[in-house]
Amino acid sequence: MPVVRDQTFTKSEQSVLKTFREFLMSPGQMLCFYGPELERYRNALKGLTERGLLVKERFKGAYSLTREGFTAMRIVHPHLA
């Protein structure tokens with residue numbers, strides 16, 4: 001599991017961060033997860049939110065990166081984009 005500032009990430013959390021990376025998301029930009037993807041990543045999204053790396057938006061399944069989450073995304077997936 002990758003470690004960023006004393007934090008480790010599960011495979012599901014890594015996949016969530018990879019999704020943000022693939023869509024070239026910056027801090028504060030909203031990304032929507034829906035259907036099976038939302039169900040599959042529900043625990044990872046919750047965990048990343050509780051750790052201050054994501055913000056749950058008002059729209060169902062919508063999340064945005066915090067600055068810390070953006071940094072973690074770039075460290076965990078430096079090879080994308």
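Just a few scattered comments:
- Under 17 Å, Cα to Cα: Lys pairs in the chain, sequence gap 8 or more or different chains: 4
- Max mean-square fluctuation residue, GNM over the chain, Cα-Cα springs under 10 Å, options L38, L53, L24: L24
- A DSSP coil position with no more than 14 other Cβ atoms inside 10 Å describes the following chymotrypsin sites (Phe, Trp or Tyr not before Pro) in region 27-81: Y34, F59.
- The H on the amide N of A62, modeled in the peptide plane, is under 5 Å from the matching H of F33, E57, each at least 5 residues off or on a different chain.
Where a number appears in this text, it was derived from the coordinates with a stated rule and is not lab data. Please read all numbers here as calculations on a predicted model, not as lab measurements. Glycine gets a Cβ as well: all are built from the backbone with ideal geometry, and neighbour counts include every protein chain shown.
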